[in-house]
Each structure stands twice: as C-alpha cells, then as structure tokens.
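**Student:** To start, I am sharing the structure in question, which I have written as structure tokens.
The numbers here are math on the coordinates, done by the rules we state, and not lab data. Everything numeric here is computed off the predicted structure, so don't read it as measured data. Cβ placement follows ideal geometry from the backbone for every residue including glycine, while neighbour counts extend to all protein chains displayed.
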C-alpha cells in the first residue's frame, strides 16, 4: 500500500517531538525536537518542504503539548488528522478489557510489523522504556513499561542526599567498574535497562515458543542498544512508520 499525498508526520512524546516530511508518502529526514515554544515554528519550516495542501498527521502521548501544536499547525492550509481520533493505529490488539495502551506504543508496534511481517518485539527507549510483543499475525499483546534512563538517574539524585543530577552517557568501555560516582550511576542505569530488556525478550520468546525479531526505537535507543546482540535493528522512525501505515491503510479502505 502507498499514498501519493504529501504528509507532515508529527509524534509528540513526553520530552520531545519526532517529525518528518513524507512527500508523496515517502519518509524523509526525521528530526527530534525538544519541547519548547519554538517547536511549532520548526514544524512549520519542515512543512515548507511539502505541498501547501500537505496533510498534517498528529499523534501524541503528551496531551497539553499535542493540543498546543495542533492549534499552531492548524494555521497551515492542509487538513489535520489525529491518530486514534481520525485514523486508527493500524495494529490488531489482544489486551485486557478496558486497556488503553499509549498511541506511541501502538504505532511503534505497527511500524515494526510493517517492516518485519513476523513476530516482533519492540523496544522503545525514551522517557519510559517499553518492551512490547507483536505476534506472527500482527496482533499487539502489550508488554512491559519501566523508567527510562533519564528517569532512573533523576530518581537517584532526587531520592538521595549525595548523588548528583547528571545526564545519561554511554558507559566508558575503558572503565568497566564505574570508578567514580557519575560513571557508576551511568553504568548502573545502563545495566538495569539492558537487563530489563533482555529478561523481557526471554519471557516473551518462552511464552510464544519462538524467538521473534527485536527492533528498537526511541531517543535513547542508539546509546543504549547500538551493537547489542539482543537487538536485530535500531529503527529511529518506527512510530512515524506506523503513522504512515495508518494513512495508507485508511486510504486503501476508502478505495476498496
């Protein structure tokens, strides 16, 4: 399936926005933009690469920021669509009654399924770390949610008297033991996250009876998982791929 429309795809996360133009339905040049009053201006600049009537497709887990950006982007000439309001997240679901997984999880799962076309585990390493399972029929079963690397570091600094407030950096391979406080904290959260992901993958594979593909995405995916044997592929734009799939499936249904 494909679309000939120009699209601006915008996914609003808890701490940042991922966006990409998709001229003629082809993803180009994903950007990650921190939440700020200037974020909408940058999105308008990206939209300038597209036809004036380009469709804006929005998805968000941060309601206030999503609504603010929607209002700003409504000044553009083209129509605006929201995932789960105007377009369904294009993934089957087998969940507990009343479960409402975040739209980012559903879209990442849809993006992963569109690439794998087989059972796949989706690791999203962002503000939170999620590890979700999609079966061989393309059905989302849920997964695990844990604090992301930044939240873990914040918890250490805010919950103790002596530990400093620091940002995450990949552990230094020449310092295997964490030889000072900062490196020990970074090593600790890195190992905690890797251990969580490894254990979740093993649990899902055992329950499924086969070893699925594992795709990773999210702002911290490269720092956390690049080169990791447990991951088959790091795909930064999985959520945007899921959004594009939503548009394509909706158009296919209209044409049927």
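**Student:** If one takes the longest principal axis of the Cα atoms in the chain, at what angle in degrees, from 0 to 90 and to the nearest 10, does the Cα axis of helix 149-158 lie?
**Tutor:** 50
**Student:** Let me ask something else. Express the C-alpha Rg of the stretch 215-256 as a ratio against the empirical globular expectation 2.2 N^0.38 Å, rounded to two decimals. Display every interim value, and only then the final one.
**Tutor:** On the way: Rg = 14.5 Å, N = 42, 2.2 N^0.38 = 9.1 Å.
The reported ratio for this selection is 1.59.
**Student:** Sticking with this structure for a sec: Subtract the Cα-Cα distance of residue 84 and residue 208 from 0.36 nm times their separation in residues, and report this length gain in nm to one decimal. Walk me through the intermediate numbers first.
**Tutor:** Values: separation 124, 0.36 × 124 = 44.64 nm, distance 2.81 nm.
Between residue 84 and residue 208, full extension yields an extra 41.8 nm.
**Student:** Please compute the length gained on full extension between residue 196 and residue 99, using 0.36 nm multiplied by the number of residues separating them and subtracting their Cα-Cα distance.
**Tutor:** Working: separation 97, 0.36 × 97 = 34.92 nm, distance 2.25 nm.
Residue separation times 0.36 nm, minus the Cα-Cα distance, leaves 32.7 nm.
**Student:** Still on this structure, please answer the following. Pick from 236, 79, 212: which residue has the top mean-square fluctuation in a GNM of the chain where Cα pairs under 10 Å get a spring?
**Tutor:** Of the options given, 79 has the highest mean-square fluctuation.
**Student:** Looking at the square roots a ≥ b ≥ c of the eigenvalues of the Cα gyration tensor of the stretch 43-174, which shape do they give, rounded for a/c under 1.5, prolate if a/b is larger than b/c, or oblate?
**Tutor:** Details: a/c = 2.00, a/b = 1.26, b/c = 1.59.
Because a/c hits 1.5 or more and a/b fails to exceed b/c, the stretch 43-174 counts as oblate.
**Student:** Considering the stretch 168-251, what Rg and Dmax in Å follow from its alpha-carbon atoms?
**Tutor:** 16.3, 56
**Student:** Let me ask you something else. Subtracting the Cα-Cα distance from 0.36 nm times the residue separation, let me have the gained length for residue 14 to residue 175 in nm, one decimal.
**Tutor:** Between residue 14 and residue 175, full extension yields 54.8 nm more.
**Student:** Evaluate the relative contact order of the chain (contact order divided by residue number), counting alpha-carbon pairs under 8 angstrom at least 6 apart; express in whole percent. Before the final figure, lay out each step's value.
**Tutor:** Values: 478 pairs, mean separation 50.3, N = 256.
Reported relative contact order: 20 percent.
**Student:** Return the calculated 222 nm mean residue ellipticity for the chain, to the nearest 500 deg cm²/dmol, obtained by summing -39500 (n - 2.57) across DSSP H runs with n ≥ 4 and dividing by the residue count.
**Tutor:** Numbers: 7 runs with 95 residues, N = 256.
It lands at -12000 deg cm²/dmol.
**Student:** With Rg and the Kirkwood Rh both taken from Cα atoms, where does Rg over Rh land for the stretch 7-82? Don't skip to the answer; put the middle values down first.
**Tutor:** Numbers: Rg = 11.0 Å, Rh = 12.0 Å.
Computed over Cα atoms, the ratio is 0.92.
**Student:** Using only Cα atoms, tell me the angle between helix 63-73 and the longest principal axis of the chain; keep it within 0 to 90° and round to the nearest 10.
**Tutor:** Rounded to the nearest ten degrees, it is 40.
**Student:** Can you pull the one-decimal nm distance between simple spin-label points at residue 31 and residue 63, each 7 Å off the Cα toward Cβ?
**Tutor:** Placing both labels 7 Å beyond Cα along the Cβ direction yields 2.9 nm.
**Student:** Kindly state, to the nearest 0.05, the FRET efficiency for residue 51 paired with residue 223, given R0 = 45 Å and r defined as their beta-carbon distance.
**Tutor:** After rounding to 0.05, the efficiency reads 0.80.
**Student:** Moving on to the next point. Sort 211, 113 so that the residue with the fewest other Cβ atoms within 10 Å of its own Cβ comes first and the one with the most comes last.
**Tutor:** Details: 211 13, 113 29.
Starting with the residue having the fewest Cβ neighbours, the order is 211, 113.
**Student:** Over the Cα atoms of the stretch 92-240, Rg to Rh with Kirkwood Rh, two decimal places? Mind dumping the intermediate values first?
**Tutor:** Details: Rg = 16.1 Å, Rh = 16.0 Å.
On the Cα set of the stretch 92-240, Rg over Rh gives 1.01.
**Student:** Taking the chain as the reference, fit the longest principal axis to its C-alpha atoms, fit the long axis of helix 103-116 to the helix C-alpha atoms, and give the angle between the two in degrees, 0 to 90, nearest 10.
**Tutor:** 80
**Student:** Which value results when the Cα radius of gyration for the chain is divided by 2.2 N^0.38 Å?
**Tutor:** Values: Rg = 19.0 Å, N = 256, 2.2 N^0.38 = 18.1 Å.
Ratio of Rg to 2.2 N^0.38 Å for the chain: 1.05.
**Student:** Would you order 185, 243 from fewest to most other beta-carbon atoms within 10 Å of each residue's own beta-carbon?
**Tutor:** Values: 185 19, 243 31.
The fewest-first ordering by Cβ neighbours comes to 185, 243.
**Student:** With the contact rule set at Cα under 8 Å and sequence spacing of 6 or more, what percent relative contact order holds for the stretch 156-254? Working shown, then result.
**Tutor:** On the way: 61 pairs, mean separation 17.5, N = 99.
In percent, rounded to a whole number, it is 18.
**Student:** Expressed as a rounded percentage, what relative contact order does the stretch 92-240 have, with Cα pairs under 8 Å and six or more residues apart? Could you put the intermediate results ahead of the total?
**Tutor:** Details: 242 pairs, mean separation 40.2, N = 149.
Reported as a whole number, the value is 27 percent.
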